[in-house]
Amino acid sequence: MKNNLKKIAIVAMVAVVIAACKKNQESITESQETVKNSDKVLQYIKDLGFPAASIVDNGNEFIVEEDITFPKNMEIPANGAGAKTEQYYTGSIVNSTKKLNIRIFVDPSMTSMGSEINSAIAQWNGVPNSTLRFSVVTTAPYDILIKDENLGNGVCGQGQFPSGGSAGALVKINKNYIAGNSFAQRARTICHEFGHCISFRHTNWSAQGESTATNVPGVTGTDALSLMNGGQCGSGATVLSTKDKNAVAALY
Ligand SMILES: [Zn+2]
């Protein structure tokens, strides 16, 4: 009897050890997959034409040109980044259902800039011949989280590109840093980051050192008035230009 108990105890212990090994193996596989996907994301960023020198590894995301973030676990658009089709976009947009109501959740850290957020939304929603609409929701589910984060000196905000047909999911605003800017400039920062969330790249991409970008069909050339020009934190255009609006109408 005693012997039997001992046997059972040994069997149980062996089972626990096997289970523990399995668990370890699973977590190793998981982290390898994460690494693999981050390699794909890195390649995607390069394929989009962003210079390698402008890509910053920031833990669970890459940052490009200081204000565009790519989560390392993001879904890579199926058609990749190849130039296909200036306003410029990633070639991958918010799908035809989701574009009708892109839900923004305002983190408590950003409610003090609610008026600026509403102003930014009104600009995108007011584009003629476009069915793209943003709205603010106060509960989940939502498509974009906008929150305050200290991004250091010189960076007003950060946005993400769409993936899997959904809008870029996260906008970070350097709230203290832009607090001293005019209302129009604060709203511009937010409007600009939302522009990334719906696929717009920097209209002045070439001047930013990028090697390639995908034209919005029918809307070509540089545009000094574009709200989507990059590197203009606190000084750029505060209203969508005619070409910005034409680009929205062309895609949405
Ligand atoms: Zn930008």
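What distance in nm lies between label points placed 7 Å from Cα along the C-beta direction at Ser135 and Asp107?
Reported label-point gap for Ser135 and Asp107 is 2.4 nm.
Under a 5 Å amide H to amide H cut-off, with H placed in plane at 1.01 Å, what residues pair with Lys72 once short-range neighbours are removed?
Long-range HN contacts for Lys72: Glu61, Phe62.
Could you give the nm distance between label points at Leu145 and Asn125, where each point is 7 Å from its Cα heading toward the beta carbon?
Taking the simple label geometry, Leu145 and Asn125 are separated by 2.3 nm.
Determine the dipole magnitude for the stretch 45-251: charges of +1 sit on the beta-carbon of Lys and Arg, -1 on that of Asp and Glu, nothing else is charged, the reference point is the Cα centre, and the result goes in debye to the nearest 20.
500
Rounded to the nearest 0.05, what FRET efficiency do Asn118 and Leu42 have when you use their Cβ-Cβ distance and R0 = 35 Å?
0.45
Counting only heavy atoms of protein chains, what accessible area per residue, in Å², does the stretch 45-251 have with a probe of 1.4 Å?
41
Along the charge dipole of the stretch 45-251, Cβ charges K/R +1 and D/E -1, which of Tyr177, Ser130, Ile76 sits furthest on the positive end?
Of the options given, the answer is Ser130.
Treat each spin label as a single point 7 Å out from the Cα along the C-beta direction, and report the Ser206 to Asn153 distance in nm.
In this crude label model, Ser206 to Asn153 measures out at 3.3 nm.
Quick one: how many Å² of Glu75 are accessible to a 1.4 Å probe, rounded to 10?
Glu75 exposes around 110 Å² with every protein chain in place.
For the stretch 86-212, what proportion of DSSP beta bridges, expressed in % and rounded to the nearest 5, is antiparallel?
Once the DSSP bridges in the stretch 86-212 are tallied, antiparallel ones form about 25 percent.
Amide H of Leu170: which non-local residues (sequence gap of 5 or more, or other chain) have their own amide H closer than 5 Å, using H built in the peptide plane?
Hits under the 5 Å cutoff: Leu145, Gln160.
The values are calculated or read from the model by the stated rules, or taken from the named source; none is laboratory data. Source: prediction; values computed, not measured. When we count neighbours, we look across all protein chains shown, and the Cβ atoms used for this are built from the backbone with ideal geometry, even at glycine. Ligands, DNA and RNA are stripped out before the accessible areas are found, and what is left, the full protein with its side chains, is counted by its heavy atoms. Shrake-Rupley method; radii C 1.70, N 1.55, O 1.52, S 1.80 Å.
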